[in-house]
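K.L.:
The structure that follows is given in the form of structure tokens.
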Amino acid sequence: MTKVDWKPGTMIYPLPAVMVSLGETAEEYNIITIAWTGTLCSDPPMCYISVRPQRHSYEILRRTREFVINLTTRPLAFATDWCGVRSGRQYQKFEEMHLTPGPATVIKAPIIVEAPINIECRVTEIKRLGTHDMFIAEVVNVKADERYLDPRTGAFDLTKAEPLVFAHGQYFSLGKKIGKFGFSVEKKRKKRKVGLSRSKK
């Protein structure tokens, strides 16, 4: 196997392609599409988004220090891309993409009603990095679409939501589930049990 060296770059893929909604009033509501996002901590629940200072949403984020991470789906693919290549300086993105701004529970920024999950965030720190600034935030509330909840367990069914991911400039929907967290250990346990039962015979 031959390996080729490349210059350092952002090669961690796939990433979630999310639509971040922000703004305190209907007049300034905006949506920015972001792939530089992720989880930072479980307790307290914390996440981040990284935004270029040149983006229209940047100053709104710095001033309001609130935003909503809206997970995206296959049906939202067009709107997700469009909101990433058009500026809120020229367009009212909710109106253009026929998306519905809804009230968040804890913060003033709107949710995108059509998204399956809305993660309400409050900024705790802004880190200057380089091309992007990182907005570190605490998750203060999560809204989930009841259509995707398992009626027996209340768990969110990710496969039904058809989540969208981003890799090397391309959008993909997630494929077939191949296992759950800890499945490798469960397989070993099953094999051990089979081995023990055979040895007793």
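Coordinate-derived values only; no laboratory data. The structure displayed is predicted, hence computed values, not measured ones. Methodologically, a virtual Cβ is constructed for each residue, glycine included, from the backbone with ideal geometry; neighbour enumeration extends over all protein chains shown.
K.L.:
State the number of residues belonging to region 31-56 that are of a type in the set (Gly, Ala, Ser), surrounded by 15 or more Cβ atoms within 10 Å (Cβ to Cβ) and closer than 16 Å to residue 136 by Cβ. Explain how you work it out, then say what you get.
P.N.:
Step one: filter region 31-56 for residues of a type in the set (Gly, Ala, Ser), giving 35, 38, 42, 50.
Filter once more, so that each one left must be surrounded by 15 or more Cβ atoms within 10 Å (Cβ to Cβ): 35, 50.
With the extra rule that they be closer than 16 Å to residue 136 by Cβ, the set shrinks to 50.
Residues flagged as of a type in the set (Gly, Ala, Ser), surrounded by 15 or more Cβ atoms within 10 Å (Cβ to Cβ) and closer than 16 Å to residue 136 by Cβ within region 31-56 amount to 1.
K.L.:
Looking only at residues that are surrounded by fewer than 21 Cβ atoms within 10 Å (Cβ to Cβ) and of a type in the set (A, V, I, L, M) in region 119-130, which one is farthest from the chain's Cα centre (by Cα)?
P.N.:
129
K.L.:
Then there's this: I'd like to verify a number: residues in region 87-118 that are surrounded by 18 or more Cβ atoms within 10 Å (Cβ to Cβ) and closer than 17 Å to residue 29 by Cβ, how many? Spell out the reasoning first.
P.N.:
Taking region 87-118 as the starting set, the residues that turn out to be surrounded by 18 or more Cβ atoms within 10 Å (Cβ to Cβ) are 88, 93-94, 97, 99, 101, 104, 107, 109-112, 114-118.
Still in the list and also closer than 17 Å to residue 29 by Cβ: 88, 93-94, 97, 99, 101, 104, 107, 109-112, 114-115, 118.
Number satisfying all stated conditions: 15.
K.L.:
Among the residues of region 50-61, are any free of Cβ contacts under 8 Å to residues at least 24 places away in the same chain and outside any loop (DSSP other than H, G, I, E, B)?
P.N.:
Yes, some residue in region 50-61 is free of Cβ contacts under 8 Å to residues at least 24 places away in the same chain and outside any loop (DSSP other than H, G, I, E, B).
K.L.:
For the structure I just gave you, tell me whether residue 168 is surrounded by 15 or more Cβ atoms within 10 Å (Cβ to Cβ) and closer than 25 Å to residue 11 by Cβ.
P.N.:
Criteria not met by residue 168.
K.L.:
From the residues in region 57-84 that are among the charged types (D, E, K, R) and farther than 26 Å from residue 173 by Cβ, which one is surrounded by the most Cβ atoms within 10 Å (Cβ to Cβ)?
P.N.:
66
K.L.:
Are there any strands (runs of 3 or more DSSP E) wholly within region 75-180 with 3 or more residues that are closer than 26 Å to residue 46 by Cβ, and if so which? Spell out how you get there, then give the answer.
P.N.:
Numbers: elements: 117-128, 133-144, 164-167, 170-173.
The strands (runs of 3 or more DSSP E) meeting that bar are 117-128, 133-144, 164-167.
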